[in-house]
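**Student:** Take a look at the following structure, please.
The values are calculated or read from the model by the stated rules, or taken from the named source; none is laboratory data. Keep in mind it's a predicted model, so treat the numbers as computed, not measured. Neighbour counts are summed over all protein chains in view; Cβ atoms, including those assigned to glycine, are modelled from backbone coordinates with ideal geometry. All accessible areas refer to the heavy atoms of the entire protein, side chains included, with ligands and DNA or RNA removed. Shrake-Rupley method; radii C 1.70, N 1.55, O 1.52, S 1.80 Å.
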Amino acid sequence: MVECICSGCRNLKRLIDDDGKETYECSFGFPSDKCEDCQEEECDIVCNNYEEDSVEADYILVSCKNCGKELKKMYNDSDDPEGEIFCVECYLKRQL
């Protein structure tokens, strides 16, 4: 037996409903009917949509337009490189 394939997958998203109940949902649907309510630590199910949820995500370094603070921004091929980037503090000051 191996570790549950869903526990290390980037496609598994945590959801919290209005009552504060925590559930999980896979972007592609679970590979098996028993995965959604699984309480097991190990399984042998194989998933064709598995994508490793690595600690090191793809990001680029950008600077805050206002103060110049270096920020990590998630990389996306469709990102507009000319867009304005602000750190949280500067963004909130702009809203006042």
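**Student:** Would you check if CYS38 is open to solvent by less than 100 Å² (accessible area, probe 1.4 Å), farther than 30 Å from GLY83 by Cβ, modelled with pLDDT of 80 or more and in a loop (DSSP other than H, G, I, E, B)? Walk me through it before giving the result.
**Tutor:** On the way: open to solvent by less than 100 Å² (accessible area, probe 1.4 Å): yes; farther than 30 Å from GLY83 by Cβ: yes; modelled with pLDDT of 80 or more: no; in a loop (DSSP other than H, G, I, E, B): yes.
So CYS38 does not fit the description; no.
**Student:** Exactly one of (1) modelled with pLDDT of 80 or more; (2) loosely packed, with under 10 Cβ neighbours inside 10 Å is unmet by GLU56. Its number?
**Tutor:** (1)
**Student:** Further question on the same structure: Of everything in region 1-30 that's assigned to a helix (DSSP H, G or I) and hydrophobic (A, V, I, L, M, F, W, C), which residue is nearest to GLU42 (Cα to Cα)?
**Tutor:** Out of the qualifying residues, it is ILE5.
**Student:** Take the conditions modelled with pLDDT under 85 and among the basic types (Lys, Arg) and apply them to LYS72. Does it pass? Give the steps one after another, and end with the answer.
**Tutor:** Values: modelled with pLDDT under 85: yes; among the basic types (Lys, Arg): yes.
The answer is yes for LYS72.
**Student:** Look at LEU61 and say whether it is under 30 Å from ARG94 (Cα atoms), modelled with pLDDT of 80 or more and part of a strand (DSSP E or B).
**Tutor:** yes
**Student:** Hey, another quick one. For region 9-23, how many residues are surrounded by 13 or more Cβ atoms within 10 Å (Cβ to Cβ) and at pLDDT below 80? Quick ask: steps written out before the conclusion?
**Tutor:** Here is the first cut: in region 9-23, the ones surrounded by 13 or more Cβ atoms within 10 Å (Cβ to Cβ) are 9-12.
Add one more test, that the residue is at pLDDT below 80, and what stays is none.
So the count comes out to 0.
**Student:** Considering only residues that are open to solvent by 90 Å² or more (accessible area, probe 1.4 Å) and of a type outside the set (Lys, Arg), which ones fall in region 24-35?
**Tutor:** Step one: of region 24-35, the residues open to solvent by 90 Å² or more (accessible area, probe 1.4 Å) are 24-25, 28, 33-34.
Correct list: TYR24, GLU25, PHE28, ASP33.
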